[in-house]
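Participant: I have a structure I would like to understand better, so I am pasting it below and will then ask my questions one at a time.
Throughout, read-outs are computed from the coordinates displayed, never taken from laboratory work. Treat the numbers as computed from the prediction; the structure is a model and nothing was measured. Counting neighbours? That spans all protein chains shown, and the Cβs are built from the backbone with ideal geometry, glycine included.
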């Protein structure tokens, strides 16, 4: 009898070790889908020891909140993927301001290729008079100020970025304000590389990670449209610090700078990325400083691309997660952050924790 029990315990121990090794392998190996086709490996929530009973309540919530597409990647593999409200895997949707992060990464690529230096003044590329600010004040504005949203230009005059609408408000670097003037980075890349921004973006970023989609000019905005999976590809690139599989897309030094506080005013803002886990933050169209983390129930190391009407890319390296949400506004129209962000993470935590 004792011999039988020893054998049984040994078998249980072996199975447990095998299971732990399997989980370790899942957690350590980052997967990248092929550049073409629809193949994308999955990992079941049960393999990750997630609480599967909470998945359907999450999906019901997402559908009620006007979601179109939703994906959760764990180390690159699809753990959850659902489409709602007449959307599908092949239908494109707009990124809104979540697409600012595409411009951020493309700027880093342009710098690495020697076309630009983000510490140079904008006028070096666009010439003087690109604003209606006094020349002395205009020459204080660098490409980095556009990345960091602290150009000092007046953000109360709307989203048109013609010179007449870009007026001096304060010295560059002294005031944080969410402003469409960041789009001048696209003009800078065009001038410096002698090709259209979309052509530069396509050949240096989009095609190299297998994204689909296109830029469309809508009024004062240049908006990117793609499938939910293409948004997930970009999120996976950033989870891997700017490298796709073994191909470096953007310099890791630039990328690391982009997901860390870029100025002293809004600690929750990098280079067009929103940052969680900081002591305070500012929101668009406000100079008020809010105390605490941007999304209290999300991981502290999370960085995010946030767009109007709740377009979301959340990336958490510590959790090995990329979470994508596309759709209509979950509640009221918003420009970046909303109550939906924290509610969503509360429900995700019930699954992943």
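Participant: Residues of the stretch 124-140 being touching a helix residue (DSSP H, G or I) at 6+ places or on another chain (Cβ under 8 Å), assigned to a loop (DSSP other than H, G, I, E, B) and surrounded by 22 or more Cβ atoms within 10 Å (Cβ to Cβ), which ones? Steps first, answer last, please.
Facilitator: Our first condition is that a residue be touching a helix residue (DSSP H, G or I) at 6+ places or on another chain (Cβ under 8 Å); within the stretch 124-140, this holds for 125-126, 128-132, 138-139.
Now narrow it down to the ones that are assigned to a loop (DSSP other than H, G, I, E, B): 128-132, 139.
The one that is touching a helix residue (DSSP H, G or I) at 6+ places or on another chain (Cβ under 8 Å), assigned to a loop (DSSP other than H, G, I, E, B) and surrounded by 22 or more Cβ atoms within 10 Å (Cβ to Cβ): 131.
Participant: Taking residue 341 as the residue in question, decide whether it is in a helix (DSSP H, G or I) and either out of contact with any helix residue (DSSP H, G or I) (no Cβ under 7 Å at 6 or more places or on another chain) or buried (at least 23 other Cβ atoms within 10 Å of the Cβ) (or both). Before the answer, list the steps.
Facilitator: Working: in a helix (DSSP H, G or I): yes; either out of contact with any helix residue (DSSP H, G or I) (no Cβ under 7 Å at 6 or more places or on another chain) or buried (at least 23 other Cβ atoms within 10 Å of the Cβ) (or both): yes.
For residue 341, the condition - in a helix (DSSP H, G or I) and either out of contact with any helix residue (DSSP H, G or I) (no Cβ under 7 Å at 6 or more places or on another chain) or buried (at least 23 other Cβ atoms within 10 Å of the Cβ) (or both) - is met.
Participant: Okay, next question. Among the candidates 150, 202, single out the residue that is within 20 Å of the chain's Cα centre (by Cα), buried (at least 16 other Cβ atoms within 10 Å of the Cβ) and in a loop (DSSP other than H, G, I, E, B). First the steps, then the outcome.
Facilitator: Details: 202 fails: in a loop (DSSP other than H, G, I, E, B).
Checking each option against the conditions leaves just 150.
Participant: Turning to a different aspect of this structure: Taking the stretch 73-99 on its own, how many of its residues are touching a helix residue (DSSP H, G or I) at 6+ places or on another chain (Cβ under 6 Å) and more than 25 Å from residue 31 (Cβ to Cβ)?
Facilitator: 1
Participant: Please give the number of the condition residue 131 fails out of (1) under 17 Å from residue 161 (Cβ atoms); (2) under 28 Å from the mean Cα position of the chain (by Cα).
Facilitator: So the condition that residue 131 fails would be (2).
Participant: A follow-up question, please. Count, please, the residues in the stretch 173-189 that happen to be surrounded by fewer than 18 Cβ atoms within 10 Å (Cβ to Cβ) and either in a loop (DSSP other than H, G, I, E, B) or free of Cβ contacts under 8 Å to residues at least 60 places away in the same chain (or both).
Facilitator: Qualifying residue count, the stretch 173-189: 1.
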